[in-house]
Each structure stands twice: as structure tokens, then as C-alpha cells.
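The values are calculated or read from the model by the stated rules, or taken from the named source; none is laboratory data. Quantities reported herein were computed from a predicted structural model and do not represent experimental measurements. FYI the Cβ positions are ideal-geometry reconstructions off the backbone, even for glycines, and counts take in every protein chain you see. Surface accessibility is based on the protein's heavy atoms, side chains included, excluding ligands, DNA and RNA. Shrake-Rupley method; radii C 1.70, N 1.55, O 1.52, S 1.80 Å.
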Amino acid sequence: MDEGERKELLSLLHSMWTVRAFEEKVSELRFTGQIAGLLHLGIGQEGVAVGAASALTRDDYTFAGHRAHAHVIARGADLGRLMAELAGRAGGYCRGKGGSMHLVAFDVGFVTGTGVVGGTLPLALGAALACKERGKEQVATVFFGDGAGQVGAFHESLNIASLWKLPVIFVCENNGYAEFTPLSAHTLVSRLADHARTYGMPNVTVDGNDVLAVREAVREAVRRARSGDGPTFVECLTYRLRGHYEGDPAKYRELSEVADWKARDPLARFIRVLTERGAVSDAEFTQAEGKARAAVEEAVRFALSSPWPTPDELTNQVFA
């Protein structure tokens with residue numbers, strides 16, 4: 001393994017640790033009352049966001065849903081501004097008015113997340129169309145859950161993206177649940193990628209807990225999109241180890257199911273892969289985690305010392 005590849009693997013490890021450390025800290029702040037409101041954590045799904053983001057450039061566009069912390073961080077967002085946004089402080093990306101479910105980080109190509117299921121699918125198409133009309137080799141990537149597969153805009157977006165050969169990558173984070181409802185209870189289509197086949201779109205289903213498999217699949221999708229060959233559907237099979245929201249008792253899941261998926265934790269799995277390859281030393285493993293947790297603690301200090309937005313800002317940043 002050459003040094004370049006080793007550095008890439010270390011970068012993925014650091015990104016995964018940063019996402020994990022950030023969300024664990026957010027959970028702690030939520031239960032100590034320092035952050036309020038609904039929080040949807042993606043602990044256990046880090047491999048999807050990090051693997052996909054590693055295949056993109058700063059000029060590419062990213063959209064996501066309500067569980068978007070990992071995607072924003074993987075794109076390189078400022079942790080302090082992100083934490084401040086979750087805390088409702090003026091130092092946040094949206095000056096505390098977007099919160100966890102409506103994040104925006106234009107500086108790193110993250111256009112928006114949304115609390116509307118499937119709501120960013122058509123928006124990603126608009127960005128992809130703009131890229132195509134400008135003749136730029138940019139791509140748009142949109143992340144969504146399996147629950148979005150039953151939304152009308154999902155099918156409309158797949159159809160128009162395929163018809164117009166738009167440079168967009170659909171990344172489905174199939175974690176088996178639409179909020180509290182298992183996939184089998186709301187559709188007979190167990191593989192969301194089958195929908196893409198209906199619209200003549202290249203598609204692939206990968207192990208979403210294997211960050212390297214996700215990276216490879218999205219790299220190929222990006223290559224196709226930049227070459228003018230249109231969209232690709234990447235379905236990533238994964239699992240959220242927490243409930244739908246922080247505080248969710250998650251009684252709709254069997255403990256054995258959670259334990260089975262916990263054994264497939266993407267971060268622990270990647271650490272084992274790196275160990276087997278001899279790519280990272282014990283000291284570097286420790287440094288990666290320590291650096292990530294230190295950066296998150298600094299983000300918390302920034303966020304909680306940032307002022308609250310003032311009433312006169314109520315209609316700022318509002319567009320019609």
C-alpha cells in the first residue's frame with residue numbers, strides 16, 4: 001500500500017470518528033438540556049455519508065433529509081457553526097433558525113436538508129440540471145431513506161433524471177425503517193434499487209456499513225455523471241443503532257435485531273479492516289479518535305458561548 005492510499009484511509013477513519021463523536025456529544029447535550037428540540041441521530045450509518053462524500057469534490061452539490069449531521073460533517077463543515085446551529089445560537093450556519101433538520105452549509109457544497117420526507121429529491125434535480133446547462137462537470141448527490149420510496153416525488157424524480165440524463169446520484173440509506181414502520185409493512189419492494197431499474201437507470205445495492213464499498217459505488221456513479229452518462233441509484237443497506245429520534249423507546253424493534261446490527265458497526269468494522277491491512281498503527285488509531293473528540297469539544301465551547309439570535313432577525317434569511 002502506497003502512502004497516498006494510506007492517507008486516504010486515515011482521512012476516512014478521521015471523518016467517521018468525527019461524525020460518531022459529534023453525534024454522541026449531541027445526544028449528551030440533549031439529555032442535559034443544553035440542546036432542545038427533535039434530534040435524529042445516524043449513529044451506525046456513518047459509512048454511507050463518509051464513503052459517499054469521499055467520492056465528491058468541493059464544487060459538487062449535496063442534499064439530504066432530516067438525519068443529516070453525518071452528511072454535513074463528511075462534506076467538511078465547520079463543527080462549531082454546525083453545533084451552534086443545533087443549539088439554536090446565532091453562530092450557527094443559519095444563525096440558529098434552521099436547527100438539526102434544516103441544515104445549510106453552502107461553503108462545503110451542502111445545499112440543504114429537510115424534515116419533509118423525499119423533499120430534497122426534486123431540489124437535487126434542479127441543481128443537476130443547472131450543472132448540465134452550465135456545461136460544468138459538477139454532480140448533485142441526494143441522500144434519503146427507504147421511506148421516501150413511497151413518495152410521489154421519488155418516482156417523478158427518478159423518471160425525469162433518467163429521461164434528461166441528469167448528473168445526479170441517488171443515495172438511498174435503506175435502514176429498514178420509515179420512522180417506526182419496518183420496510184415490509186409499507187412496500188413489497190425490498191430493494192429500493194429495483195425502482196431505478198424501472199426507469200432504465202443504472203443501479204447497485206451495497207453494504208452501507210462498508211465505507212469502502214460505498215466509496216467505490218459512488219465513485220463509479222460520479223464518473224458516469226461527469227462523463228454525461230446520467231444518473232445512478234446507489235442503495236446502501238445500513239441500520240441506525242439509536243431510535244428514530246433521541247428519546248424514542250424503539251419498542252418496535254427486537255433487541256436481538258439491534259445487537260446483530262451493532263456487531264456490524266461500520267466504524268468498528270473499518271478499524272478491523274485497517275488493522276488487518278496494517279494500514280494504521282495503534283498510536284494513529286488513538287490519535288484519530290482523540291483528535292475527533294477534541295474538535296467536537298471545541299465546537300461545543302464555541303456553540304454554547306455564541307449568543308442567541310435576536311427578535312429583529314426573525315425575517316432575515318427568508319426568501320420567497
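Data for the structure
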| read-out | value |
| --- | --- |
| Qualifying helices (runs of 4 or more DSSP H) (wholly inside segment 233-315; at least 2 residues being within 29 Å of Glu3 (Cα to Cα)) | 266-277, 282-305 |
| Residues of segment 82-108 satisfying the condition of being without any contact (Cβ under 8 Å) to a residue 60 or more places away in the chain, open to solvent by 10 Å² or more (accessible area, probe 1.4 Å) and either not in a helix (DSSP H, G or I) or not hydrophobic (A, V, I, L, M, F, W, C) (or both) | Tyr93, Gly98, His102, Val104, Asp107 |
| Residues of segment 26-61 satisfying the condition of being hydroxyl-bearing (Ser, Thr, Tyr), touching a helix residue (DSSP H, G or I) at 6+ places or on another chain (Cβ under 6 Å) and outside any loop (DSSP other than H, G, I, E, B) | Tyr61 |
| Selection count, segment 3-36, where residues are within 19 Å of the chain's Cα centre (by Cα), basic (Lys, Arg) and farther than 17 Å from Gly51 by Cβ | 1 |
| Number of positions in segment 293-320 that are in contact with a Leu (Cβ under 9 Å, 6 or more places away or on another chain) and closer than 27 Å to Leu10 by Cα | 6 |
| Filter result for the condition that a residue is within 23 Å of Glu173 (Cα to Cα) and touching a strand residue (DSSP E or B) at 6+ places or on another chain (Cβ under 7 Å), over Val72, Val50 | Val72 |
| Among the candidates Ser184, Ser190, residue that is open to solvent by 50 Å² or more (accessible area, probe 1.4 Å) and not in a helix (DSSP H, G or I) | Ser190 |
| Index of the failed condition, Ala288 passing every other in (1) open to solvent by less than 60 Å² (accessible area, probe 1.4 Å); (2) under 22 Å from the mean Cα position of the chain (by Cα); (3) over 13 Å from Leu10 (Cα atoms); (4) not acidic (Asp, Glu) | (3) |
| Search result, residues across segment 52-76 that are closer than 20 Å to Gly96 by Cα and touching a His at 6+ places or on another chain (Cβ under 9 Å) | Phe63, Ala64, Gly65, His66, Arg67, Ala68, His69 |
| Breaking point among (1) touching a Gly at 6+ places or on another chain (Cβ under 9 Å); (2) open to solvent by 50 Å² or more (accessible area, probe 1.4 Å), for Asn159 | (1) |
| Residue identified as touching a residue at least 60 places away in the same chain (Cβ under 8 Å), surrounded by fewer than 18 Cβ atoms within 10 Å (Cβ to Cβ), closer than 30 Å to Asp78 by Cβ and not basic (Lys, Arg) among Ala294, Ala279 | Ala279 |
| Residue under evaluation Leu38, criteria (1) closer than 22 Å to Val300 by Cβ; (2) open to solvent by less than 30 Å² (accessible area, probe 1.4 Å), criterion not met | (2) |
| The one condition in (1) under 25 Å from Ala221 (Cβ atoms); (2) touching a residue at least 60 places away in the same chain (Cβ under 8 Å); (3) open to solvent by less than 10 Å² (accessible area, probe 1.4 Å); (4) in a helix (DSSP H, G or I) that His14 fails to fulfil | (3) |
| Tally of residues being open to solvent by less than 30 Å² (accessible area, probe 1.4 Å) and either without any contact (Cβ under 8 Å) to a residue 24 or more places away in the chain or in a loop (DSSP other than H, G, I, E, B) (or both) across segment 193-216 | 3 |
| Positions within segment 130-156 being touching a Pro at 6+ places or on another chain (Cβ under 9 Å) and either outside any loop (DSSP other than H, G, I, E, B) or buried (at least 24 other Cβ atoms within 10 Å of the Cβ) (or both), in sequence order | Cys131, Lys132, Val139, Ala140, Ala153, Glu156 |
| The one condition in (1) under 21 Å from the mean Cα position of the chain (by Cα); (2) in contact (Cβ under 8 Å) with a residue 12 or more places away in the chain that Ala268 fails to fulfil | (2) |
| Subset tally (residues that are touching a residue at least 12 places away in the same chain (Cβ under 8 Å) and closer than 23 Å to Gly228 by Cβ) for segment 109-129 | 10 |
